[in-house]
1. Return yes or no: is residue 11 over 16 Å from the mean Cα position of the chain (by Cα), assigned to a helix (DSSP H, G or I) and without any contact (Cβ under 8 Å) to a residue 40 or more places away in the chain?
2. I'd like the full set of residues that are at pLDDT below 95 and not aromatic (Phe, Trp, Tyr), limited to segment 54-66.
3. Just a yes or no: is a residue in segment 40-47 touching a Pro at 6+ places or on another chain (Cβ under 9 Å) and either among the hydrophobic types (A, V, I, L, M, F, W, C) or at negative phi (or both)?
4. Collect the residues in segment 29-79 that are of a type in the set (Phe, Trp, Tyr) and either exposed (fewer than 12 other Cβ atoms within 10 Å of the Cβ) or within 20 Å of residue 146 (Cα to Cα) (or both), keeping them in residue-number order.
5. Looking at 123, 111, 119 in this structure, which one is of a type in the set (Phe, Trp, Tyr), without any contact (Cβ under 8 Å) to a residue 60 or more places away in the chain, closer than 27 Å to residue 7 by Cα and surrounded by fewer than 20 Cβ atoms within 10 Å (Cβ to Cβ)?
6. Report yes if some residue within segment 126-134 is free of Cβ contacts under 8 Å to residues at least 40 places away in the same chain and either surrounded by 15 or more Cβ atoms within 10 Å (Cβ to Cβ) or under 16 Å from the mean Cα position of the chain (by Cα) (or both); otherwise report no.
7. (1) over 14 Å from the mean Cα position of the chain (by Cα); (2) surrounded by 14 or more Cβ atoms within 10 Å (Cβ to Cβ); (3) under 30 Å from residue 29 (Cα atoms): which one isn't true of residue 96, the others all being true?
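The values are calculated or read from the model by the stated rules, or taken from the named source; none is laboratory data. Since we're looking at a predicted model, the values are computed, not measured. So basically every Cβ, Gly included, is an ideal-geometry build from the backbone, and we count neighbours across all protein chains shown.
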Amino acid sequence: MPNAIKNYVRYIDAINRRVGKFALYLVFVMIGILLFSSISRTFFNTPHLWTMETAQFTMAAYYMLGGGYSLLLRAHVRMDVFYERWSSKKRATVDTFTSVFLIFYLVILLYGAISSTHYAIEYGQRNYSSWGPPMAPIKIIMTIGIILMLLQAIATFFKDLAKMKGKEI
């Protein structure tokens, strides 16, 4: 593999590793928000409108930003009826082939995310709830998550392609 591809793979792996490790802490943020909501409602009889939606947005940020990291760790669900019995080279061949479909899907998803984010920013879109938070921040985070997963899918494609040829990146 050319050095440019090796550098790309290392760089994207490093970015997704850092973003993924940051995203892991968002679960604790969400737990804190829900705990605050529960305590304020139970002990002080002061429910807050913003807590449930903020927890939902935090969870969405968690799984969208963690997608690339999950792909880096090869932690996504796989149908391994035959997969585990195959040689590492055959797995890499199949993964290279299926990565093309994943990349195609992520490109289409990114197109929709950019369009939706643009709409949210341009028209000041707000959620249809009594609190009515702006939707642009979470849509921006979701778009970033899709970009990171797309970049990681391309990096994984190159790693599988190298492994298919009997080399490692």
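1. yes
2. Of everything in segment 54-66, nothing turns out to be at pLDDT below 95 and not aromatic (Phe, Trp, Tyr).
3. yes
4. Once the filter is applied, which keeps residues that are of a type in the set (Phe, Trp, Tyr) and either exposed (fewer than 12 other Cβ atoms within 10 Å of the Cβ) or within 20 Å of residue 146 (Cα to Cα) (or both), segment 29-79 yields 43, 44, 57, 62, 63, 69.
5. 111
6. No: zero hits.
7. Looking at each condition in turn, residue 96 falls short on (3).
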